[in-house]
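Nothing in this text is a laboratory measurement; each read-out follows from the coordinates by a stated rule. A quick note: this is a predicted structure, and the numbers were derived from the prediction, not measured. Heads up, the Cβs are rebuilt from the backbone with ideal geometry, glycines too, and the neighbour counts pull from every protein chain shown.
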């Protein structure tokens, strides 16, 4: 391992430019020296490590404003399957809130007197009607 020590930041930049081949034919407004900057090479063993200090780097970035397109609601591609328990569970809170008459009228619209008499083919339409009454299903 080889360490290179510099007295100033300018010395380090000149050395890095020379090392990268950028110092050839370069004109700078900073005063230049005729002789290269003194470089001290310090061999190190693996058990000894010198701390490396880095100058803090300040960067400024303009705030990035990102607009996202609204995500469309998922489209239901299949008809949901409701069970008698689903329908009854949605009707119970309506009954408990005193809307038994609304539920009886809804059953009458479907041509039945009680929920167990409702044909399975009408479960989906009945669930939609329950939602119309405010049921969560």
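Quick notes
- Filtered by the rule that a residue be part of a helix (DSSP H, G or I) and within 24 Å of residue 98 (Cβ to Cβ), the stretch 116-136 gives 116, 117, 126, 127, 128, 129, 130, 131, 132.
- Residue match in the stretch 97-111 (condition: surrounded by fewer than 11 Cβ atoms within 10 Å (Cβ to Cβ), part of a loop (DSSP other than H, G, I, E, B) and touching a helix residue (DSSP H, G or I) at 6+ places or on another chain (Cβ under 7 Å)): no
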